[in-house]
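Here is the structure we will look at.
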Amino acid sequence: MFVDHFFAAAERAMAAIDRSAVEQMAQTLARVRDGGGRLFLLGVGGSAGHASHATNDFRKICGFEAYCATDNVSELTARINDEGWEGTFSTWLQSSRLRAEDGILVFSVGGGSLEPPVSANLVRAVQLAKERGAAVTAIVGRDGGYAARIADACVIVPTADASLITPIVEGLAAVVWHLLVSHPALAMSQGHWEQLAAGTVTAGAVQAQAQAAE
């Protein structure tokens, strides 16, 4: 049955993730935040959705000053139109005044490459970050592509089934980043449901939040 096959492949991929690489990424990101640096999150396609979601988590749970390159669709499409696809992220980082204290976090199935040109905008962004001395982190799949070769800390989701590379990499990338924002080196607060489970959110606070949302 396909359901069994998919879950078995996902389990094999998760079991094969290098735990020390995840720990290294947590510590690298902690140094960025604790040193006053900002975090810029980058991704293409489904990974752009990951970058947007993760930006929320790193800001709200971990206290980062964090930004997602694809959240402003007007700026993104203007840069594509005026400067070309390859420069979309690197020019955005330049406008953000990327500096050595900062870090970038790349989400990508392939990790980017120039030959063949796949997610080349990620490659240009990583190159700029290295030139500026910023920390480069990545959660990628397969062999990790350019991002894995250049990153200061990289988590690779191994291929467990060649017919399911994208869904398993993107699915487990979400697991890895949720691990990171829950890591003791990074987490500064709990999520809402964890606070409820621990009894640290009062009924009055929940009611006030509900009223504010109306």
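So the values come out like this:
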quantity	calculated
Pairs where the first residue, in segment 160-171, is surrounded by fewer than 16 Cβ atoms within 10 Å (Cβ to Cβ) and the second is of a type in the set (V, I, T) and at pLDDT 95 or above, C-beta under 6 Å, 6+ apart	T166/V109
Matching residues, segment 145-177, being in contact with a Cys (Cβ under 6 Å, 6 or more places away or on another chain) and part of a loop (DSSP other than H, G, I, E, B)	none
Unmet requirement for E101, which otherwise passes all of (1) touching a residue at least 40 places away in the same chain (Cβ under 8 Å); (2) in a helix (DSSP H, G or I)	(2)
Selection within segment 57-90 - crowded, with 20+ Cβ neighbours inside 10 Å, in a helix (DSSP H, G or I) and of a type outside the set (D, E, K, R)	F58, T88, F89, S90
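The values are calculated or read from the model by the stated rules, or taken from the named source; none is laboratory data. Note that the structure is predicted; figures quoted are calculated from it, not measured. As a convention, Cβ positions derive from the backbone with ideal geometry for all residues, glycine included, and neighbour counts pool all protein chains shown.
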